[in-house]
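J.: Would you mind keeping the following structure in view while I ask a few things?
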Amino acid sequence: MRDVCPDDYLTVELLCAGLAKIRLDRQQGPAEQVPGSRDPNAGLLPRAWRTGFTRLWWAGHHQTANWPQDDLDVFAACRRPMRDWPVRLALSEADQDQSLLEGGELSGFSEQAAALAAKADVEAELVENQIFAQLLATAQANGRTEAEVQRAYVELRLMHIREPVLSDLDVLRRAQRMPGTSASGEPHFKELIRVAYRFQHAPAGAILRVCDACGNPMPGVNSPCAVPGCRGSAIQRKLRTLEGYWVQHRATRRFHHDAGLVEARLFDGITELPHDLVRLEEYPGLDSWDGAVWFHRPGSASDECWLFDAKDCVSATLLGRRFNCDYQLRATRRFLVVAKHRATPAYLTDLSRELDGRVNGLEIVDEDAFIHRVIERSRQAGQRA
């Protein structure tokens with residue numbers, strides 16, 4: 001197999017960032033601004049797309065492929081696996097099987113690539129970053145000390161993971177606990193809800209069909225949950241409301257709820273262990289890491305700390321290219337924990353290859369292996385107590 005070429009990944013990331021910007025423009029502007037016709041107003045296409053297209057054209061030129069001839073060629077190719085594109089891209093075997101669009105929406109691979117693209121002018125406008133910025137502002141407005149801000153942040157992060165649906169009564173109760181306001185006098189928490197959720201009118205209450213494992217709304221009784229790695233099934237959930245309820249936007253589900261389920265599973269597994277031996281700290285340092293596990297060490301002045309980041313990403317190569325290890329928090333061991341439904345041998349090999357020589361002192365494991373190691377370490381701590 002040919003070596004993976006970073007330049008080809010940059011080309012793909014730019015195209016994906018451009019697609020994400022096009023989707024954002026489609027949501028915020030009139031439909032006629034959406035590219036897809038041979039319109040002289042093609043200048044409306046985002047800069048990231050134009051740069052990615054130019055790089056792709058040069059790759060085709062060097063390969064004498066005579067492709068792409070225009071943007072429509074690339075838009076059409078985005079619906080096919082990249083392995084089938086007329087231009088050969090040096091990507092990992094797994095990523096060559098990915099497409100950038102699924103129907104009219106970004107694929108999971110494309111979402112990941114757009115979020116990781118090093119193009120600040122595109123990233124700043126992506127909805128998922130607006131959500132994160134508002135989440136952080138809400139936490140900071142509802143804490144007078146660093147510890148209070150941290151507690152508020154953890155509560156809000158877990159709300160996005162565990163509460164994809166909120167009744168307006170739930171929102172009112174939470175808003176009373178988080179009254180911090182912006183300079184305009186508007187509560188930050190209410191603004192966070194408006195950014196991350198959409199309102200559904202249901203003044204007499206509502207009965208929803210949701211996943212019994214992750215809580216996401218589901219279309220049918222016999223439909224499996226569409227969240228990768230979730231094996232839940234549909235159940236009915238009754239909501240008491242005043243005027244209606246709030247449901248997460250697609251971006252909130254993809255980047256905060258769905259991606260955070262692996263974190264929630266790890267948190268649940270760790271909190272089941274004896275609290276006198278193991279202590280969990282969620283999102284230490286305002287999300288510098290997803291979690292810190294503290295093991296009691298009898299006779300020692302300090303406990304042993306394991307830091308971990310949990311990831312559920314389609315592409316191991318993209319994850320490895322952009323993952324950075326925060327060394328500011330001190331720890332005995334540091335882990336990158338991969339969702340178990342992603343952690344094939346090929347995936348772990350691709351991830352290790354990209355991290356090798358760039359990130360030091362990081363252990364790569366799947367979520368089951370990590371929980372097993374935590375359990376074993378807690379048993380050792382118990383034996384010494």
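The values are calculated or read from the model by the stated rules, or taken from the named source; none is laboratory data. Quantities reported herein were computed from a predicted structural model and do not represent experimental measurements. No Cβ is skipped: glycine too gets one built from the backbone with ideal geometry, and neighbour counts run over all protein chains shown. Note: accessible area is taken over every heavy atom of the protein model, side chains too, but ligands, DNA and RNA are not part of it. Shrake-Rupley method; radii C 1.70, N 1.55, O 1.52, S 1.80 Å.
J.: Those residues that are of a type outside the set (D, E, K, R) and modelled with pLDDT under 50, I need them from segment 13-40; list them, please.
T.: Once the filter is applied, which keeps residues that are of a type outside the set (D, E, K, R) and modelled with pLDDT under 50, segment 13-40 yields 31, 33, 34, 35, 36, 37, 40.
Here is a yes/no grid of residues against (1) under 30 Å from residue 8 (Cβ atoms); (2) assigned to a helix (DSSP H, G or I); (3) of a type outside the set (Ser, Thr, Tyr):
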{"residue": "293", "(1), (2), (3)": "no, no, yes"}
{"residue": "313", "(1), (2), (3)": "yes, no, yes"}
{"residue": "331", "(1), (2), (3)": "no, no, yes"}
{"residue": "348", "(1), (2), (3)": "yes, yes, yes"}
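J.: Sticking with this structure for a sec: All but one of (1) at pLDDT below 95; (2) open to solvent by less than 70 Å² (accessible area, probe 1.4 Å) hold for residue 362; which doesn't?
T.: Residue 362 satisfies all of (1) at pLDDT below 95; (2) open to solvent by less than 70 Å² (accessible area, probe 1.4 Å) except (1).
J.: While we're on this one: Step by step: first the residues of segment 265-318, then only those that are aliphatic (A, V, I, L, M) and open to solvent by 10 Å² or more (accessible area, probe 1.4 Å), then the one that is farthest from residue 110 (Cα to Cα). Which residue is that?
T.: This residue is 301.
J.: Looking at segment 232-258, which of its residues are open to solvent by 30 Å² or more (accessible area, probe 1.4 Å) and under 19 Å from the mean Cα position of the chain (by Cα)?
T.: Within segment 232-258, 249, 250, 253, 254, 255 meet the criteria.
J.: While we're looking at this one, here's another question. From (1) at pLDDT 90 or above; (2) over 21 Å from residue 319 (Cβ atoms); (3) not in a strand (DSSP E or B), pick out the condition that doesn't hold for residue 259.
T.: Condition not satisfied by residue 259: (2).
J.: If you check every pair at least six apart or on different chains, which have Cβ atoms under 8 Å apart with a residue in segment 342-362 that is among the aromatic types (Phe, Trp, Tyr) first and a residue that is assigned to a helix (DSSP H, G or I) and surrounded by 13 or more Cβ atoms within 10 Å (Cβ to Cβ) second?
T.: 347/94; 347/316
J.: Determine, yes or no, whether residue 304 is among the acidic types (Asp, Glu) and more than 30 Å from residue 98 (Cα to Cα).
T.: Yes: the conditions hold for residue 304.
J.: Just to be sure I understand, how many residues within segment 192-213 are of a type outside the set (Val, Ile, Thr) and in contact with a helix residue (DSSP H, G or I) (Cβ under 6 Å, 6 or more places away or on another chain)?
T.: Selection size over segment 192-213: 2.
J.: For segment 335-349, name all the residues that are open to solvent by 60 Å² or more (accessible area, probe 1.4 Å) and hydroxyl-bearing (Ser, Thr, Tyr).
T.: 344, 349
J.: For segment 93-104, which residues satisfy the criterion of being touching a residue at least 60 places away in the same chain (Cβ under 8 Å) and either within 21 Å of the chain's Cα centre (by Cα) or under 19 Å from residue 249 (Cα atoms) (or both)?
T.: 94, 95, 98, 100, 101 - these are the residues of segment 93-104 that are touching a residue at least 60 places away in the same chain (Cβ under 8 Å) and either within 21 Å of the chain's Cα centre (by Cα) or under 19 Å from residue 249 (Cα atoms) (or both).
J.: Moving on. If residue 206 passes every condition in (1) small (Gly, Ala, Ser); (2) surrounded by fewer than 16 Cβ atoms within 10 Å (Cβ to Cβ); (3) in contact (Cβ under 8 Å) with a residue 24 or more places away in the chain but one, which one does it miss?
T.: So residue 206 meets the others, but not (2).
J.: Looking at segment 52-111 only, could you name the residues that are hydrophobic (A, V, I, L, M, F, W, C) and in a loop (DSSP other than H, G, I, E, B)?
T.: Passing the criteria: 65, 67, 78, 85, 87, 89, 90, 91, 100.
J.: Can you tell me which residue within segment 365-385, out of those that are open to solvent by less than 40 Å² (accessible area, probe 1.4 Å) and touching a residue at least 40 places away in the same chain (Cβ under 8 Å), is farthest from residue 278 (Cα to Cα)?
T.: Of everything passing the filter in segment 365-385, 367 is farthest from residue 278 (Cα to Cα).
J.: On to the next question. Being open to solvent by 20 Å² or more (accessible area, probe 1.4 Å) and in contact with a Phe, Trp or Tyr (Cβ under 8 Å, 6 or more places away or on another chain) is the filter here; which residues of segment 144-153 pass it?
T.: 150
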